[in-house]
Amino acid sequence: MSRQYEMSVELVGCRPELVDAIKAAAGQEWEFTEWHDQEGTLTASAEGSLCGGESEEEFTERLSLAVWKANGEFCEVTVNATYLEDLPYEVHCLDQSDYDRLIRQSQTEPDTP
């Protein structure tokens with residue numbers, strides 16, 4: 001069963017030379033198409049569906065890991081998840097310890113397409 005969401009993302013502290021790769025990596029995880037760059041903060045939003053029972057927290061981890069891998073280091077990834085079928089929304093933001101845990105975990109697991 002899928003659930004309809006609008007996901008807004010805010011990325012702070014990304015390496016400027018990797019912005020295009022970061023946008024591409026995030027776009028592989030959610031259909032972000034229009035990005036805004038304001039004083040080093042990247043933002044985007046798009047509607048889509050979480051499928052297969054994926055939670056907002058699991059999506060935040062998946063998106064953050066893709067951004068961190070493209071960035072090559074920690075940057076702040078904040079996800080505003082608006083469940084369109086039952087408002088209001090929740091905000092999810094992972095910290096340095098989440099980065100360390102997810103990077104370490106991803107290095108022991110094979111990448112899946």
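List of remarks:
- Our estimate of slack between C93 and Q38, defined as 0.36 nm per intervening residue step minus the Cα-Cα distance, is 17.9 nm.
- Helix-only CD estimate at 222 nm, as mean residue ellipticity for the chain, using -39500 (n - 2.57) per DSSP H run (n ≥ 4): -11500 deg cm²/dmol
- Among Q96, Q38, Q28, residue whose mean-square fluctuation peaks in a GNM of the chain (springs only between Cα atoms under 10 Å): Q38
- The residues Y83, Y5, when put in order of fewest to most other Cβ atoms within 10 Å, stand as Y83, Y5.
- Span from the segment 1-41 Cα centroid across to the segment 48-107 one, whole angstrom: 11
- Choice from V67, V77, V91 with maximal GNM fluctuation in the chain (Cα, 10 Å cutoff): V91
- Per-bin percent of Cα-Cα distances, the chain [5 Å]: 2, 12, 24, 25, 20, 12, 5, 1
- Taking 7 Å steps out from each Cα toward its Cβ at E17 and S2 produces label points 3.9 nm apart.
Just so you know, all these numbers are worked out from the coordinates, no wet-lab data involved. Treat the numbers as computed from the prediction; the structure is a model and nothing was measured. In this analysis, Cβ positions are derived from the backbone assuming ideal geometry, glycine residues included, and neighbour counts consider all displayed protein chains.
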